[in-house]
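Working notes, beginning with the structure itself.
The values are calculated or read from the model by the stated rules, or taken from the named source; none is laboratory data. None of the values given here were measured: they were computed from a predicted structure. Glycine also receives a Cβ, built like all others from the backbone with ideal geometry; neighbour counts cover every protein chain displayed. Surface areas here come from the heavy atoms of the whole protein model, side chains and all, with no ligands, DNA or RNA. Shrake-Rupley method; radii C 1.70, N 1.55, O 1.52, S 1.80 Å.
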Amino acid sequence: MSQNLVFTNEVATALDTILDTKAYNRLAVIVDENTGRLVLPEVKSIHLSNAHVITIGAGDACKTLDTLTCVWEGLEQCGATRKSVVVNLGGGVVTDLGGFAAATFKRGIDFINIPTTLLSAVDAAVGGKTGINFKGLKNEIGCFKEASDVIISTCFLKTLSVEELKSGYAEMLKHGMLSNHDEFKKLLNYDFKNADAEQLLELLKTSVLVKEGIVREDPHENGIRRALNLGHTVGHAFESKALHGGKPIAHGYAVAWGLVAEMVLSHNILKFPSEDLHHLANFVYENYGAYHITCDDYDELLQLMHHDKKSQSGEINCTLLAACGDVRPGHVISDDDMRIALDIYRDLMHI
């Protein structure tokens, strides 16, 4: 992993310092409708003031091939070449789609990620995964391409709702569980009602460095990087089902609910501690509520899990934990075991 990670709340200064070292001929900044209005005017970067702005729609429903084509057209219009630089200023949709656009335009140009949400800072902006949704499936088309630089900040959090903060925090919770029991317990004690930008930046740095260490060891997800899929097999199924039903749910919320279901599997298969499972379930229920499903939804959810991109041969594939920090990626889960886990998930979530 060769990404330059910069943790600071002085975003404009950091960006100018980075761009001073790059001999680029064109600079484009990709924003969505929200970050273009709320964030871009606040980033008083000398370089960014002369950038060509490409604005896309906000939200996961805009993470499409049509939007990608519009970004390619915008890069073409501004005369971008392989010596140009793209700055992705936004949440996960912007960094995923903008990164994929840069990775494929002219066979690849450099890009810098400036995540503006907690979720994109801890998840989408770091690690080199880029892509778009396709035919209702999350991140179905994409490639591995790291941003040259990522500026990670919590100074934009004042523009976020509590829901958006919690969405990102679910990925931090996942990293804590992958790390060790002390980090897991520390994250369970966070007070969302009194969020402090500097305190959160330190927690965020710890979380991102957990991911960085895993990605450095396995950049293309051939082995241990699959650990980062914790909570995502079930979470993505929840997310895709909600999207198909016309009622999208936040990615981090889906991951939080997915973590509960996959820790049920971990308990049933690997004896993950019952006490930690219940602490997790209580935290998730109190802060995220529940994704309501019935047994009538199981067939659709199982079908989505069988089609998940982590599947090698149509199997349901999950990362499980024997304990916090004791990671066991690549478990093949039977339909019967998943149905049992979904039953217990519903009990824990008071459904």
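Here are the numbers for this structure:
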quantity: Net charge over other residues, Cβ less than 15 angstrom from the Cβ of Asp16 (K, R count +1; D, E count -1); calculated: -2
quantity: Prolate/oblate/rounded label for the stretch 1-128 (Cα gyration tensor, a/c 1.5); calculated: rounded
quantity: Cut-off under 5 Å, modelled amide H: who pairs with Asn139 long-range; calculated: Asn133, Phe134
quantity: Rounded accessible area per residue of the stretch 165-263, 1.4 Å, Å²; calculated: 37
quantity: Spacing of the two label points (7 Å from each Cα toward its C-beta) at Asn194 and His350, in nm; calculated: 2.4
quantity: Rg in Å to one decimal, and Dmax rounded to a whole Å, for the stretch 158-302 via C-alpha atoms; calculated: 15.4, 45
quantity: Residue-wise HN-Hα coupling along the stretch 164-175, computed from phi with Karplus coefficients 6.51, -1.76, 1.60 (Hz; x: Gly, Pro); calculated: 5, 4, 5, 4, x, 5, 4, 5, 5, 4, 4, 5
quantity: Mean shadow area of the stretch 57-199 over all directions, Cα convex hull, nm²; calculated: 9.3
quantity: Inter-centroid distance (Cα atoms) of the stretch 235-290 relative to the stretch 10-61, Å; calculated: 35
quantity: Close Lys-Lys pairs in the stretch 15-146, where close means Cα under 21 Å and separation is 8 or more or interchain; calculated: 15
quantity: Space enclosed by the convex hull of the alpha-carbon atoms of the chain, per residue, Å³; calculated: 120
quantity: Apportionment of accessible area to carbon and sulfur, the chain, percent (1.4 Å); calculated: 48
quantity: Relative contact order, percent, the stretch 303-349 [alpha-carbon distance under 8 Å, six or more residues apart]; calculated: 24
